[in-house]
Amino acid sequence: MKSFYIWALSLMFGSAISQAGALESQWELAMAAAYNRASDSALFEGESNVSRQALLQGAFQYEAWEGQVSAFHQAERGGSEDSLLVVAELFRQGSWQDWDWLIGKRRLDFGVGYGHRPLDWFLPMERNPVSLQVNEGVGVMSASHFTGSGEFSVMLVDAGISQHSGGTLPKGIAARWYQLGASAEWQLLGYIDDKRGVNLGGSWVNTYGEQWEAHAEWRYQQDHWRWQPPELKAIPKQEKENNGWQALIGMTWANSAGHSVILEYWFDSRSWGKNEWDQVFDYSQWYQNQGVQWDSFRRSSAMAFSDENALRHNLLLHWMLSNNEYHPKVDLIYTPEDSGLILTIGGERKLTEDWVLGASARFFGGRNESAFAQLQSQAAFTFSTTIVF
């Protein structure tokens, strides 16, 4: 029996014993218009594109049940359209024998980073997207025991019930220990799944006075798939490797006027370095000069962008101003190995308590041979509005 039906039957059993009560709900409608300007990358055959997006999300609570549904629609220039209805979350929780129990579909997010989260294990999602995005939960049955200063949880997790996964994401058993001190918090996580073997990780956050904060997180992964270094006249392939590492360290400064600054560095041993991306650039130029018969080889290296991080070493600078009406922000990601850059400028204007206007612009570039300069888009511009009712 497919895992989706196992979780569905569990939810049906839980609903059969639920009591009648009041249904509470809140809805949010977001609409956006986007323009993506194509780059001159030899890895892609793309052209500039205009698209429209609409996302209707409803969150509801009924007795011990909570959930969220999302309806997403996107239309692109040229007539292509896509619609999607997603049950993003649907779970039931309660207490029994000094333990808190939960069953259903829920988002699990234990990371503490801003630009990247090594502890985003179960169903990774894009960090700080400029377009509208639907985020799903995973199938989970968990038992949590709370103390005065911490929590211990055991979880059965199945990410394969995601409507986006096609059943290919891992499932396994996880445990989490969390502890809160006077000014710091720690957590340790372990996860054994059927795709990556043993996963171990942890995080630490500490505040210093009212303005400063430091944070760190790390992850070890027993098995992972890695794109092999590119070769001329060969289609890139993935091979299973052992012992992948990720780590992040960062700090935050904020003041009473609403300014906040985040600095972060993260490392990913599974990613390519400068030499591999230099080879991709050189080979793609060679294929392009040989003619259309080499196009399949030229475009194949673009598959490496499907990895979580393009480069091993990454630096982030974030600034944001938060006041009553305006919320501008700037993000800059820099990869020191190959001098690649991603710059995002955006902000929101709060018109009323329930109505917000937003705009953002993201630019990809840096050194010509850098990974970010070889992306399909050179820039992306988005205008959006969100109404809560």
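The values are calculated or read from the model by the stated rules, or taken from the named source; none is laboratory data. From a predicted model like this one, the values you see are computed outputs, not experimental measurements. Positions of Cβ are backbone-derived with ideal geometry, glycine not excepted, and every protein chain shown enters the neighbour counts.
Look at region 180-198: where a residue is of a type in the set (Ser, Thr, Tyr) and a partner is surrounded by fewer than 18 Cβ atoms within 10 Å (Cβ to Cβ), sitting 6+ places away or on another chain with Cβ atoms under 9 Å, you get 183/206; 183/207; 183/208; 191/173; 191/175; 191/198; 191/200.
Scoring residue 242 on the criteria (1) in contact with a His (Cβ under 9 Å, 6 or more places away or on another chain); (2) buried (at least 16 other Cβ atoms within 10 Å of the Cβ) leaves a single failure, condition (2).
In this structure, does residue 23 turn out to be modelled with pLDDT of 90 or more, out of contact with any Gly (no Cβ under 9 Å at 6 or more places or on another chain) and not acidic (Asp, Glu)? Before you say what the answer is, go through the steps one by one.
Details: modelled with pLDDT of 90 or more: no; out of contact with any Gly (no Cβ under 9 Å at 6 or more places or on another chain): yes; not acidic (Asp, Glu): yes.
Taking the combined requirement at face value, the residue does not satisfy it.
Scanning region 113-132 for residues that are over 10 Å from the mean Cα position of the chain (by Cα) and within 20 Å of residue 332 (Cβ to Cβ) gives 113, 114, 130, 131.
Yes/no matrix, rows are residues, columns are (1) polar (S, T, N, Q); (2) closer than 19 Å to residue 309 by Cβ; (3) in contact with a Gly (Cβ under 6 Å, 6 or more places away or on another chain):
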{"site": "190", "(1), (2), (3)": "no, no, no"}
{"site": "196", "(1), (2), (3)": "no, yes, no"}
{"site": "201", "(1), (2), (3)": "no, yes, no"}
{"site": "208", "(1), (2), (3)": "no, no, no"}
{"site": "211", "(1), (2), (3)": "yes, no, no"}
{"site": "222", "(1), (2), (3)": "yes, yes, yes"}
{"site": "226", "(1), (2), (3)": "no, yes, no"}
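Restricting to region 252-307, what's the tally of residues that are buried (at least 16 other Cβ atoms within 10 Å of the Cβ) and among the β-branched types (Val, Ile, Thr)? Here the count works out to 3.
The test for being of a type in the set (A, V, I, L, M, F, W, C), at pLDDT 95 or above and within 28 Å of residue 225 (Cβ to Cβ) does not hold for residue 383. Pairs are defined by a Cβ separation below 9 Å, a sequence spacing of at least 6 or placement on different chains, a first member in region 262-289 that is over 13 Å from residue 335 (Cβ atoms) and of a type in the set (Lys, Arg), and a second member that is modelled with pLDDT of 90 or more and not in a strand (DSSP E or B); the pairs so defined are 270/309; 270/312. For region 344-374, the set of residues classified as among the hydroxyl-bearing types (Ser, Thr, Tyr) and over 21 Å from residue 114 (Cα atoms) consists of 352, 370, listed by residue number.
In region 291-318, the residues that are of a type in the set (Phe, Trp, Tyr) form Cβ pairs under 6 Å with partners that are in a helix (DSSP H, G or I), at six or more places apart or across chains, as follows: 294/287; 297/287. A single member of 112, 69 is among the hydrophobic types (A, V, I, L, M, F, W, C), touching an Asp or Glu at 6+ places or on another chain (Cβ under 6 Å) and at pLDDT 90 or above, and it is 112.
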